[in-house]
């Protein structure tokens with residue numbers, strides 16, 4: 001494995017990996033049940049060289065921004081590496097956002113180059129605030145406007161010039177929220193990423209022969225680190241599937257011999273449901289035998305995982321995941337401890353971590369020595385955690401972190417930056433406590449947000465615009481866990497506080513609600529008689545209103561939709 005301490009930038013590390021592992025397989029791409037593409041590290045290097053040259057011709061250089069809006073595929077990682085080679089700042093944007101949301105983030109980032117795919121370009125209505133646009137997968141004859149077909153970029157060219165960057169230089173601009181309100185672009189440096197990779201690779205290194213299945217969007221901090229930087233630095237293979245339907249995911253797991261995979265709790269739940277359904281179909285006798293084998297595996301893996309033994313004892317379960325799976329990385333949202341324990345008992349360890357975009361990827365991780373499902377792990381080496389304003393009896397308070405992975409601030413927003421950065425400490429907004437062994441336990445949030453089981457950060461302020469003009473005097477959206485911190489993280493949700501509601505409010509709110517993606521919908525309405533407290537500029541004092549709700553109302557006051 002390439003050690004990050006020897007490098008000054010991500011571009012330097014990633015490019016060196018292309019030379020170090022030139023004969024190994026870098027990418028395998030499936031389209032449904034067909035292998036569509038396979039690239040060695042040497043072949044990937046040639047692609048990156050020509051893309052870097054094409055970027056150079058466009059004037060992409062140190063500090064310029066290159067945005068990517070693209071589903072998981074080799075072209076994502078090839079373009080990103082070429083951007084780093086040119087010393088550019090990468091702007092990864094979620095391809096699952098709506099077109100207007102993507103355009104809003106691009107307008108904020110103002111990239112010199114946007115690399116996207118035809119479906120996303122159409123979704124954006126071929127409008128984006130970028131000087132140049134490359135579009136992949138466009139049908140023959142498609143009108144791309146001023147954009148350039150990715151596949152038509154020159155092939156026989158000299159490699160692009162490498163531009164050196166320092167560890168303190170900006171590497172990425174990552175949006176943690178703001179799709180409907182003010183964008184929050186996190187400025188992350190090469191030092192942030194190199195330090196994060198060193199922390200994780202010391203515990204969970206990837207190596208030649210490992211195969212990582214990339215299904216979380218690569219703009220997601222977890223997939224970027226363990227599905228891009230990690231595999232490259234270890235000479236592992238990144239596997240992509242263009243059709244992410246359940247049957248295609250299952251086929252790829254079996255066909256490609258996947259060893260590592262990052263998932264969100266929602267997908268972990270789906271895996272568990274499938275396993276339990278198979279158990280129920282097998283009948284009572286087979287289920288008793290299965291339970292006995294699980295108990296045997298539990299006793300044999302108390303101190304650490306034993307992959308070969310678990311695969312032998314519980315072969316049908318492991319075969320359903322391809323028979324080679326070593327571990328699942330799970331984060332982005334709260335992981336049900338019982339579900340994590342369920343998988344570990346089957347011999348499929350779930351690595352639980354805790355982090356946020358502002359801290360690059362993760363601050364704490366369970367290292368499986370031994371496995372614990374009741375916490376989000378210990379701080380990684382180099383990470384300091386403090387519980388500020390802790391309650392004397394429970395020890396619960398807000399989690400503050402200091403780490404070389406903590407970001408530099410929000411782009412062009414010193415006010416929001418000052419709210420979360422204090423003398424090098426990151427105010428996370430999450431509530432928790434540390435046990436005597438140093439494990440962090442999370443219990444809620446001190447900020448108005450939720451994290452969905454799919455790993456998406458939802459800030460209520462960002463979606464209030466969807467309810468403008470409803471028949472009421474005032475309306476504000478809150479997260480249940482922010483108003484009532486004792487709410488379990490698995491029961492988080494959004495609700496609307498309304499004052500002066502008219503009779504048909506509920507019906508009209510439900511109608512608007514249905515237009516939103518399911519993870520952004522409010523789950524209930526709380527009627528409020530008092531006027532909302534406001535600042536001199538007439539902004540709602542959310543913290544004050546939340547305190548009043550906490551004092552005078554309860555979860556039971558919410559009328560469920």
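Things to note:
- Residue selected from region 162-182 under the condition within 29 Å of residue 119 (Cα to Cα) and in a loop (DSSP other than H, G, I, E, B), by the criterion modelled with the highest pLDDT: 182
- Residue 299 free of Cβ contacts under 8 Å to residues at least 12 places away in the same chain, outside the structural domain of residue 176 (by TED's automatic domain parsing) and under 27 Å from the mean Cα position of the chain (by Cα): no
- Filtered by the rule that a residue be part of a loop (DSSP other than H, G, I, E, B) and over 18 Å from residue 165 (Cβ atoms), region 2-33 gives 3, 21, 22, 23, 24, 32, 33.
- If you check 229, 208 for being part of a loop (DSSP other than H, G, I, E, B), closer than 19 Å to residue 3 by Cα and modelled with pLDDT of 95 or more, only one passes: 208.
- The sole residue among 420, 451, 362 that is touching a strand residue (DSSP E or B) at 6+ places or on another chain (Cβ under 9 Å), in contact (Cβ under 8 Å) with a residue 60 or more places away in the chain, farther than 27 Å from residue 547 by Cβ and crowded, with 17+ Cβ neighbours inside 10 Å is 362.
- Selection count, region 409-427, where residues are at negative phi and touching a helix residue (DSSP H, G or I) at 6+ places or on another chain (Cβ under 8 Å): 5
- Residue 36 in contact (Cβ under 8 Å) with a residue 24 or more places away in the chain and in contact with a helix residue (DSSP H, G or I) (Cβ under 6 Å, 6 or more places away or on another chain): no
- Some residue of region 138-161 being part of a strand (DSSP E or B) and touching a residue at least 60 places away in the same chain (Cβ under 8 Å): no
- The set of residues from region 88-101 being in contact with a helix residue (DSSP H, G or I) (Cβ under 7 Å, 6 or more places away or on another chain) and either modelled with pLDDT under 95 or surrounded by fewer than 23 Cβ atoms within 10 Å (Cβ to Cβ) (or both) comprises 95, 99.
- Subset of region 528-547 (residues that are buried (at least 17 other Cβ atoms within 10 Å of the Cβ) and over 18 Å from residue 445 (Cβ atoms)): 528, 532, 540
- Only one entry of 217, 305, 246, 265 meets the criterion of being over 20 Å from residue 349 (Cα atoms), at pLDDT below 95 and surrounded by 15 or more Cβ atoms within 10 Å (Cβ to Cβ), and that entry is 217.
- Residue among 46, 38 that is in the same structural domain as residue 173 (by TED's automatic domain parsing), surrounded by fewer than 23 Cβ atoms within 10 Å (Cβ to Cβ) and not in a helix (DSSP H, G or I): 38
Okay, residues lined up against (1) surrounded by 21 or more Cβ atoms within 10 Å (Cβ to Cβ); (2) part of a helix (DSSP H, G or I); (3) assigned by TED's automatic domain parsing to the domain that holds residue 318; (4) at pLDDT below 95:
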residue	(1), (2), (3), (4)
344	yes, yes, yes, no
347	yes, no, yes, no
369	no, no, yes, yes
393	no, no, yes, yes
405	yes, no, yes, no
412	no, no, yes, yes
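- Residues of region 64-88 classified as outside any helix (DSSP H, G or I) and either under 17 Å from the mean Cα position of the chain (by Cα) or closer than 14 Å to residue 131 by Cβ (or both), total: 11
- Evaluated against (1) within 30 Å of residue 186 (Cα to Cα); (2) in a helix (DSSP H, G or I); (3) touching a helix residue (DSSP H, G or I) at 6+ places or on another chain (Cβ under 7 Å), residue 298 falls short on exactly one condition, (1).
The values are calculated or read from the model by the stated rules, or taken from the named source; none is laboratory data. Computed from a predicted structure; not experimentally measured. We place every Cβ from the backbone using ideal geometry, glycine too, and count neighbours over all the protein chains shown.
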